[in-house]
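These notes are about the structure you will find just below.
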Amino acid sequence: MATKPDLGITDPYELNEDQYAAALDLLRKQHPLIQRYWHDANVQVQDFTSEGIVASGSWPFQANTLVANGQPIATTVPAEGATGWADTTMLAANAKHPNCAYKWMEWSLNPKVQGDVAAWFGSVPAVPAACQGNALLGDAGCATNGFDNFDKIHFWRTPEAACAQGTCVPYSRWATDYVAVMGGR
């Protein structure tokens, strides 16, 4: 998106064949620089602590854990932006006890609960009021976890064949090709 504007990428989750091929080519060129493609937050923390890892894409959870463990670490969102996601809570349409579920959902939106969860997980609370006055999160916790970076984040969504460009590469190909890239192909 940033280094090859001639490709016309406007959304990293909507790539036509040429854009997708360029992304795969970049991943394959970067593969020799990668020690491990992590899929477990604790493994990544251990890699930074004992395996000599010096740079990686990550989440605030790992960065906050490393800081809490006295590791010399800092984070940034690249000028090009980053990807991210928003977790959700859903209620099944046929739930046996929807009133209990609604009560739990209401409780989970309490600013204290939101702040405590954000502090533990390294996330941004869904309730902005949780950013102030939470003993665990602290007044700087939301900024530390990325509250001011929303305009730089491309929020995750499943790549689909039908897209604004007309036709894009679907998620099934992304998943298959990423496994191949991890394996060095």
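The values are calculated or read from the model by the stated rules, or taken from the named source; none is laboratory data. Predicted model, so just to flag it, every value in this text is computed and none were measured. Counting neighbours? That spans all protein chains shown, and the Cβs are built from the backbone with ideal geometry, glycine included. To get the accessible areas, we keep the full protein, side chains included, count just its heavy atoms, and leave off ligands, DNA and RNA. Shrake-Rupley method; radii C 1.70, N 1.55, O 1.52, S 1.80 Å.
Going by the structure shown, is LEU33 over 16 Å from GLY146 (Cβ atoms) and open to solvent by 80 Å² or more (accessible area, probe 1.4 Å)? Considered against the rule, which asks whether it is over 16 Å from GLY146 (Cβ atoms) and open to solvent by 80 Å² or more (accessible area, probe 1.4 Å), LEU33 comes out as yes. When ASN16 is tested against (1) out of contact with any helix residue (DSSP H, G or I) (no Cβ under 8 Å at 6 or more places or on another chain); (2) more than 26 Å from VAL179 (Cα to Cα); (3) surrounded by 15 or more Cβ atoms within 10 Å (Cβ to Cβ); (4) not acidic (Asp, Glu), exactly one condition is not met: (2).
When ARG157, ARG185 are checked against the criterion of being part of a loop (DSSP other than H, G, I, E, B), basic (Lys, Arg), open to solvent by 70 Å² or more (accessible area, probe 1.4 Å) and within 18 Å of GLY84 (Cα to Cα), ARG157 stands alone in meeting it. The condition of being more than 19 Å from VAL67 (Cα to Cα) and surrounded by 17 or more Cβ atoms within 10 Å (Cβ to Cβ) holds for only one of ALA118, ALA130, that being ALA130. Being farther than 19 Å from THR158 by Cβ, touching a residue at least 60 places away in the same chain (Cβ under 8 Å) and either over 15 Å from the mean Cα position of the chain (by Cα) or open to solvent by less than 90 Å² (accessible area, probe 1.4 Å) (or both) holds for only one residue in PHE48, PHE61, and it is PHE61.
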